[in-house]
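Written below as structure tokens is the structure these notes are about.
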Amino acid sequence: MAPVATLVCSMALLMSCSDNDDAPDHEGSAVAECTVIFYGNGGGNLDADMHENLRQLYKGLRDHSEMEAVVFIKNSADSDAKMMKKFEAQGFDFRPATTYRFVVDRTLADNTQLQFTKENIYGGEGGNIDISIADTLAHYISYAAKVRPAHHYVLIMSDHGGGYVPQDDRPKTLEPTRGILYDDGHDGQCLSVRAIRTAIERSGVSLDAVYLDACLMNCVETLYELHEVTPYIVSATYYTPDVGGEYTCLVNRLATSTDYGQALAGYCDDVANYWLRSEEAGINPDDYDASDINAIGSAQLRTAAPVLKAFIDQLTQDYGNTQLAQEIDAVTARAIANEKESPLFDLYAYFDDLAKSVSSTALADAARKAKDAMMKCKLNARGTKTTEERGLPSFNFLLGANSSWERLMLDDNTKRLLYTTTYHWDGTKLTTYYGANGNVAGQDEGRWGSTGDETYAQMRFEQLTGWSRWLKMNKQKPLSQYPK
């Protein structure tokens, strides 16, 4: 799985959200132990893999009667023609850019479990409901808890992910954005991190875990935005293979443990073993070159926040000293990028290098304490065989220079740098194009639609740590992001 939202739903959308909402409460039956709430999107090339994840989910549910599941799934706008014919031959009403919503029925045979039926098409516009806004997700979470009430709820969000960068967290009305859950039925618009938090808060449902089955979402900015609305978060720092997680194992873990932190830590091992089997079988080998999965505890994130703030306090203080500034600049210049085209850098590696390289005893000590505090946030971290042999990444964090950060566009084959887009804190934007020899071919200035004060400064991570002080003060561009 490779790599915002207006928070108020229009009356038209609210009316469409009410379609198919005559499903009764789950009366007459015992309250489930746990309901899995699945919110997925095909994302252009993930339909078949997402369907396989659902089959894994169904298999787990058949073995655990105390578990329930509700599914919200949207097909890609350009669904695979062979797959469409296969579903049609099986009697399904399978349509591109169409949303289906249903409660999982254990009594159905394997070949009908997906329930792509006309009755289950959800929302207005012929089923092409906008999944990139907070109210769609909030309404669905509330609905799922209504039709399958439980003692515990786990939300799975499945699609492509792009990590966290401020320009991806703008109000949706400005222009198409990127984040998690690309809705190619609505111009590729996606949910922002803040929209996910808003949706969970509006739903009125207490979630025991949020599982972001997508790439690059294990960012400190993302984790802190969600840490107050769920005790556990599962996400990837690098990439997630197209096959995603292993949902039979997820159901088994949740059904057989009273400690969800322990269950999700064990699930990371299950997923790593699943990927290893696929890797050894030679299934899409490129998918397993840089993949990982992490289980994160929110309580530990809360404990780490003041330690991170103390680190930033010391870092920004020492940057006022000329000699120390040069030492810090050298560390920033070689910061390790976890994604070559995005400004996502490895937090542990940055702490480590500062602790080893600066002459300020106070800053070195603050960096070590910050790393130790964040290490305690991970309940488990696993990867593919390839990833673990190279060394797992830690957390992603935004890093730039001179109150700006950059996205790179590389040629898919040669990895040559084609252009960079620089986003400035004040909202200005500069795109620089490069010729075949690396020379600048042209520049195009514009605006990215918002400012750092309207995006990053509103994040819980910023409010708890004041991290943007470093984003605005740092003068050194992290050069390791650029292809060699």
Of all residues being part of a helix (DSSP H, G or I), open to solvent by 10 Å² or more (accessible area, probe 1.4 Å) and of a type outside the set (A, V, I, L, M) in region 241-265, which is farthest from Arg55 (Cα to Cα)? Just the residue, please.
Gln262
Within region 296-304, is there a residue that is among the polar types (S, T, N, Q), open to solvent by less than 10 Å² (accessible area, probe 1.4 Å) and at pLDDT 95 or above?
yes
Which residues, taken from region 275-295, are crowded, with 20+ Cβ neighbours inside 10 Å, closer than 15 Å to Cys249 by Cα and out of contact with any Phe, Trp or Tyr (no Cβ under 7 Å at 6 or more places or on another chain)?
Ile293
Is there a residue in region 130-140 that is of a type in the set (A, V, I, L, M), part of a loop (DSSP other than H, G, I, E, B), modelled with pLDDT under 90 and closer than 13 Å to Ile73 by Cβ?
yes
On the given criteria, is Asp346 open to solvent by 20 Å² or more (accessible area, probe 1.4 Å), within 25 Å of Ser235 (Cα to Cα) and under 20 Å from the mean Cα position of the chain (by Cα)?
no
Looking at region 93-117 only, could you name the residues that are over 18 Å from Ile131 (Cα atoms) and either over 28 Å from the mean Cα position of the chain (by Cα) or not hydrophobic (A, V, I, L, M, F, W, C) (or both)?
Asp93, Asp105, Arg106, Thr107, Leu108, Ala109, Asp110, Asn111, Thr112, Gln113, Gln115, Thr117
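Results for (1) open to solvent by less than 30 Å² (accessible area, probe 1.4 Å); (2) assigned to a helix (DSSP H, G or I); (3) within 26 Å of Leu207 (Cα to Cα); (4) modelled with pLDDT of 80 or more, shown as yes or no for each residue.
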residue: Ala30; (1), (2), (3), (4): no, no, yes, no
residue: Phe38; (1), (2), (3), (4): yes, no, yes, yes
residue: Met50; (1), (2), (3), (4): yes, yes, yes, yes
residue: Gln56; (1), (2), (3), (4): yes, yes, yes, yes
residue: Gly60; (1), (2), (3), (4): yes, yes, yes, yes
residue: Glu68; (1), (2), (3), (4): yes, no, yes, yes
residue: Glu88; (1), (2), (3), (4): no, yes, no, no
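The values are calculated or read from the model by the stated rules, or taken from the named source; none is laboratory data. This one's a predicted model, so the numbers in the text were calculated from it and none came from an experiment. Neighbour counts run over all protein chains shown; Cβ positions are idealised from the backbone, glycine included. Just so you know, the surface numbers come from the protein's heavy atoms only, side chains and all, with ligands and any DNA or RNA stripped out. Shrake-Rupley method; radii C 1.70, N 1.55, O 1.52, S 1.80 Å.
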